[in-house]
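S.K.: Have a look at this one before I ask anything.
Computed from the coordinates by the stated procedures, all read-outs in this text should not be read as laboratory data. On a predicted model such as this, the values are computed, not experimentally measured, just so you know. Every residue, glycine among them, receives a Cβ derived from its backbone with ideal geometry; neighbour counts consider all protein chains shown.
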Amino acid sequence: MVVERAYQLIAEKASNLRNEIIEIRRNIYMYPELSGDERRTSQFVADKLRSCGIDVQTNIGGYGVVGLLNGSKPGETIAWRADMDACAMQDTIDKPYKSKIDGVKHVCGHDAHTAIALGIAETLASVKEYLQGTIKFIFQPYEEGTKGALRMIEDGVLHPRPRAIYGLHVTNWGVHQTYLQAGQLSMNYGAALFGTNVFNVVVTINREHINLSSEQDIIIHYLNRLNRYHITCEKASQNIVDFKIIERDTVFKNNEIHVKASFRFAQLKYVDEIHEELHRLMNEYQDTNNYDVRIEPVKLMPPVYNDEHESEEAYLMLQQRIGDHAVAIRHEFPPHGMDDFALFQNELGSGLFFFLGLANIEKGITVGMHHPNFDIDEECLAFGVKTMSMFLFEVLCKK
């Protein structure tokens, strides 16, 4: 009965916070800040957490903020992460809360993520007497460009160490690429977001009078054959290889041609296998042309991966609280690119990443992320606060 009373209070608090969370989201949306420059947002977050009676640390890994909510009963520590940065893009929406910063806009929903996390913090702080254990709220800078999580980890954000970390991303994509509407939350089993591996191919030319542009086209032709690798890979359904040339360096540098490239993948365990194919292709090119070829690693970002057993537990938990508003997505390719939440997840070895519906077809809110006209149905905010507050509360109570 005591626990059910806590759930009732959580639902009531989240409902009462509806307008406040919308205003928080609009405040952040109107004053977006680029990656690494989240001064105003981090101060806003810190002040709001303190007003809820939550212990706050600032300047973690840059402008990162951490809030520690300690329940009245002993227990384990878990973490919730939200990202805060915006993107360099002109805002084209015709709304009262249109961005006031020229050339900067929240096109990836980080404003919503931050507002929801603040709503969760305030909601769970209001039921602190029922809460056992500790929730560490991590507000991360510099997600765009994937530098923030690593910087926060290096700055000790995971000490004391949480047992698991959780987070979400707003999205308009659901099952089989249909719209995920406001008032829905998806639990993606397995690969939730792609990982990516960025590398440089450096070719040393051992003879003169070479057309650099033509030779680089030949290099790229060999690299593009990596795209066909998944066709013959027996794990193709779990490991899509998506190859991309990031930049071309056609300048002749010390008899070298540089090509920066990347591939994305759905499971970290197949990276070595893909690397073997990459090296095989480059060795073939090297032997055919009698050039020296080397591959230099630049960055490896693991995929956001939801353990299937943890996913099933979470889905059943969510079904109990929100019924059919919880959507299970199994055995599909990840719907989007990548997120450095994966570094937190990988470091701890446990945690889940959810997707919160933002679309509203009747209102015409269907534009995808990273578009100048991107917006959300703000009714998703209070729903996200209620659902995730209940989830985190139950995770702690069950341990």
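S.K.: Please verify whether Asp94 is within 30 Å of Leu396 (Cα to Cα) and among the charged types (D, E, K, R), treating the condition exactly as stated.
M.R.: No; evaluated as a whole, the condition is false for this residue.
S.K.: Six or more apart or on different chains, Cβ atoms under 9 Å: show the pairs whose first residue is in region 316-335 and under 15 Å from Ser389 (Cα atoms) and in contact (Cβ under 8 Å) with a residue 60 or more places away in the chain and whose second is among the basic types (Lys, Arg) and surrounded by 15 or more Cβ atoms within 10 Å (Cβ to Cβ).
M.R.: Arg321/Lys386; Ile322/Lys386
S.K.: Would you call Val65 part of a helix (DSSP H, G or I), among the hydrophobic types (A, V, I, L, M, F, W, C), touching a helix residue (DSSP H, G or I) at 6+ places or on another chain (Cβ under 7 Å) and surrounded by 24 or more Cβ atoms within 10 Å (Cβ to Cβ)?
M.R.: In short, no.
S.K.: Hey, which of the strands (runs of 3 or more DSSP E) in region 164-230, taking only ones fully inside, have at least 1 residues that are out of contact with any strand residue (DSSP E or B) (no Cβ under 6 Å at 6 or more places or on another chain), touching a residue at least 60 places away in the same chain (Cβ under 8 Å) and within 28 Å of Thr146 (Cα to Cα)?
M.R.: 190-193
S.K.: Only one of these conditions is not met by Ser126: (1) out of contact with any helix residue (DSSP H, G or I) (no Cβ under 6 Å at 6 or more places or on another chain); (2) surrounded by 19 or more Cβ atoms within 10 Å (Cβ to Cβ). Which number is it?
M.R.: (1)
S.K.: Which residue is surrounded by the fewest Cβ atoms within 10 Å (Cβ to Cβ), if the candidates are limited to region 368-390 and must be under 19 Å from the mean Cα position of the chain (by Cα), of a type in the set (A, V, I, L, M, F, W, C) and more than 19 Å from Met30 (Cα to Cα)?
M.R.: Ranking the qualifying residues of region 368-390, first place goes to Met388.
Per-residue answers, yes or no, for (1) free of Cβ contacts under 8 Å to residues at least 12 places away in the same chain; (2) assigned to a loop (DSSP other than H, G, I, E, B); (3) more than 16 Å from Val56 (Cα to Cα); (4) not hydrophobic (A, V, I, L, M, F, W, C):
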site: Asp102; (1), (2), (3), (4): no, yes, yes, yes
site: His113; (1), (2), (3), (4): no, no, yes, yes
site: Ile116; (1), (2), (3), (4): no, no, yes, no
site: Gly119; (1), (2), (3), (4): no, no, no, yes
site: Leu124; (1), (2), (3), (4): no, no, no, no
site: Glu129; (1), (2), (3), (4): no, no, yes, yes
site: Thr134; (1), (2), (3), (4): no, no, no, yes
site: Phe137; (1), (2), (3), (4): no, no, no, no
site: Glu143; (1), (2), (3), (4): no, yes, yes, yes
